[in-house]
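Trainee: Before I ask anything, let me first share the structure, which is written out below as structure tokens.
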Amino acid sequence: MQKIITAEQLCKEYNNGSNTVKVLKNIDLEIYEGDFTVIMGSSGSGKSTLLYCLSAMDSISSGEVKYQDQRMNNMNEVAISKIRRTEMGFVFQQMNLISTLSLFENIIISGYLKKESKKTVHSNAMSLLSQVGLDTFAKRLPSEISGGQQQRVAIARALINSPKILFADEPTGALNSKSGKNILDTLSHYNNNDNQTILMVTHDLKASLRANRIIYLNDGEIEGELALDKYAAENIDMVEREKNVLNWLQGMGW
Ligand SMILES: Nc1ncnc2c1ncn2[C@@H]1O[C@H](COP(=O)(O)OP(=O)(O)O)[C@@H](O)[C@H]1O
Ligand SMILES: [Mg+2]
């Protein structure tokens, strides 16, 4: 399996005046292409910080973070932002769509970052909107659709540059359970059909079931990990899977 992100002895600390808070402690972790990896852990355990450090959105205090075989910690900001723009996609709890732009425009402005032709970007944007079931809403503003639909647009926006890896931080956190399931189905679809690599932070059990690998974070340290079969709703015993994962999570102190 091809490694896409590697962390070696990754530490992240914050200095608040006189005291230092260690948020990530000597994390060793490899993320593989094609995997749907989930980071679980209680609130405050460092999940978001880890996601931001692995995607070079945040600086690290010591150790290494590599994208493929490139060390990101001593790269300049221009090189890092090029990798983020062209190789990585991001989805957050808050969708952060630009309120004055249509759904279509929200997607294409991210597409222009990769310097593709206008025609290619436009046709890719329409095809993504149709994949997430919103092509007939292309001209609407974000305020004219539901939260769940906005999150689907955010996923389409994140995928416009065909990123090697999609990072998602609690993408279902602001949604009701029906919209949340729809978002998870969308993510599972891209992982199963396009082999889209996904790294998702969540503290939701249902969301974690989509992963084929779960990492458990406790107080800034990796406490354990669980390997699962790839999620494919048709041929999987979801009751059994949920029981297994819950059991394991409880053993981790969840
Ligand atoms: N800018 C900051 N300054 C100081 N502490 C921070 C900062 N950002 C996050 N933290 C602390 O880091 C810890 C982990 O935060 P976070 O990664 O957001 O956790 P999670 O996503 O698992 O809820 C928390 O204890 C939080 O208070
Ligand atoms: Mg968080």
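Trainee: Let me know the shape class of the chain, please: from the alpha-carbon gyration tensor, a ≥ b ≥ c as square roots of the eigenvalues, rounded when a/c is under 1.5, otherwise prolate if a/b is greater than b/c, or oblate.
Mentor: Note, shape of the chain comes out oblate.
Trainee: Still on this structure, I have one more. Excluding same-chain residues fewer than 8 positions from Lys115, which lysines have a Cα within less than 19 Å of its Cα?
Mentor: Excluding near neighbours in sequence, the set is Lys82, Lys164.
Trainee: Rounded, prolate or oblate: pick one for the range 131-193, where a ≥ b ≥ c are the square roots of the eigenvalues of its C-alpha gyration tensor, a/c under 1.5 means rounded, and failing that, prolate if a/b is larger than b/c, else oblate.
Mentor: oblate
Trainee: About its Cα centre, how strong a charge dipole does the chain have in debye, to the nearest 20, once Lys and Arg get +1 and Asp and Glu get -1 at the Cβ?
Mentor: The dipole magnitude comes to about 860 debye.
Trainee: From the backbone phi of the range 3-13, what are the Karplus-calculated ³J(HN,Hα) couplings (6.51 cos²θ - 1.76 cosθ + 1.60, θ = phi - 60°) in whole Hz, Gly and Pro given as x?
Mentor: The phi angles translate into 6, 10, 10, 10, 10, 10, 6, 5, 10, 9, 9 Hz.
Trainee: Would you list which lysines come within 26 Å of Lys243, measuring only between C-alpha atoms, while excluding same-chain residues fewer than 8 positions from it?
Mentor: Reachable lysines: Lys47, Lys178, Lys181, Lys206, Lys230.
Trainee: Still on this structure, please answer the following. Kirkwood Rh, Cα Rg: Rg to Rh for the range 8-79?
Mentor: My calculation of the ratio gives 0.98.
Trainee: Let me ask another. Please work out how much length the chain gains when fully extended from Asp194 to Ser143, using 0.36 nm per residue of separation minus the C-alpha to C-alpha distance, in nm with one decimal.
Mentor: 15.4 nm
Trainee: Using Cβ counts within 10 Å as a stand-in for footprinting exposure, how do Phe104, Phe167 rank, fewest first?
Mentor: If I rank by nearby Cβ atoms, fewest first, I get Phe104, Phe167.
Trainee: Further, regarding this structure: Got a sec? How would Thr6, Thr20 order by Cβ neighbour count within 10 Å, fewest to most?
Mentor: Fewest to most other Cβ atoms nearby, the residues stand as Thr20, Thr6.
Trainee: For Ala232 and Glu8, FRET efficiency with R0 = 22 Å and r from the beta-carbon atoms, rounded to 0.05?
Mentor: According to the calculation, E is roughly 0.10.
Trainee: Hey, what did the chain get for relative contact order, percent, Cα under 8 Å, at least 6 apart?
Mentor: 25 percent
Trainee: Can you tell me how the range 148-245 classifies by the Cα gyration tensor, rounded, prolate or oblate, using a/c under 1.5 as the rounded cut?
Mentor: Cα axes put the range 148-245 in the rounded bin.
Trainee: Looking at the chain as a GNM with Cα springs under 10 Å, which of Ser123, Ser102, Ser188 has the largest mean-square fluctuation?
Mentor: Ser123
Trainee: Right, next: Just the number, please: percent antiparallel of the DSSP beta bridges in the chain, rounded to the nearest 5.
Mentor: Around 60 percent antiparallel, to the nearest 5.
Trainee: So for each of 209-222, 80-93 I average, over its residues, the number of other beta carbons within 10 Å; can you give me the resulting order with the highest mean first?
Mentor: 209-222, 80-93
None of the figures in this text is laboratory data; all of them are computed from the coordinates on show. No experiment lies behind these values; they were computed from the predicted model shown. Cβ coordinates were reconstructed from backbone atoms using ideal geometry, including for glycine residues, and neighbour counts include every protein chain displayed.
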